[in-house]
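Shown next, in structure tokens, is the structure this report addresses.
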Amino acid sequence: MDGPSRRTLLSASGALGAFGALSLASPARARTLWTWAPSGSVAGEGAGIDPDWVWDEEADPVLAAVIERGDVPSVNEALRRWTRNDQAPPAGLPSDLRDFMEKARRLPSWADRDKLERAAAFNESRGLYLNLLNGMGAAC
């Protein structure tokens, strides 16, 4: 049989479809600048700079120190067992990282724990419906 078979046609159309999908995907790191005014942001304030160049003044020095000391493998190993913010940070973490985590995981003074607990219970009992609705909303 010298003509094209169904298998070769399906393979070719699959390859063309994959090529088309890849050509539509945006290239890595290709992004537009953050061009809107800070007054238009959720917080309604800021300097209006590109968020890729906004640094976390508290977290970055701590993480840089972890990297510079070569503690990344031991920190990653210790954090593998840490799955919830309400758990104490695991033993074996460097003291500066532990102190940062303890401070960062505290709720702010304005947080209403009762509302948070009710929201968590609602999400737990209605999570399937919420995910379905979010999925349909994202498709629109």
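The values are calculated or read from the model by the stated rules, or taken from the named source; none is laboratory data. Note that the structure is a prediction, hence the values are computed from the model and not measured. In this analysis, Cβ positions are derived from the backbone assuming ideal geometry, glycine residues included, and neighbour counts consider all displayed protein chains. The area values use the complete protein model at the heavy-atom level, side chains included, leaving out ligands, DNA and RNA. Shrake-Rupley method; radii C 1.70, N 1.55, O 1.52, S 1.80 Å.
Can you tell me the length gained on complete extension of the stretch Glu58 to Ser74, counting 0.36 nm per residue apart and subtracting the Cα distance?
Values: separation 16, 0.36 × 16 = 5.76 nm, distance 2.14 nm.
Once the chain is fully extended between Glu58 and Ser74, it gains 3.6 nm.
So which GluC sites (Glu not before Pro) in the stretch 57-99 end up in coil per DSSP with only 15 or fewer other C-beta atoms within 10 Å?
Numbers: sites: Glu57, Glu58, Glu68, Glu77; in loops: Glu57, Glu58.
Answer in residue order: Glu57, Glu58.
Rounded to the nearest 0.05, what FRET efficiency do Ala138 and Trp82 have when you use their Cβ-Cβ distance and R0 = 22 Å? Let's see the in-between values first.
Values: r = 30 Å, r/R0 = 1.37.
That pair, Ala138 with Trp82, gives E of 0.15.
Note down the accessible area of Asp96, probe 1.4 Å, to the nearest 10 Å².
Its heavy atoms expose roughly 50 Å² to the probe.
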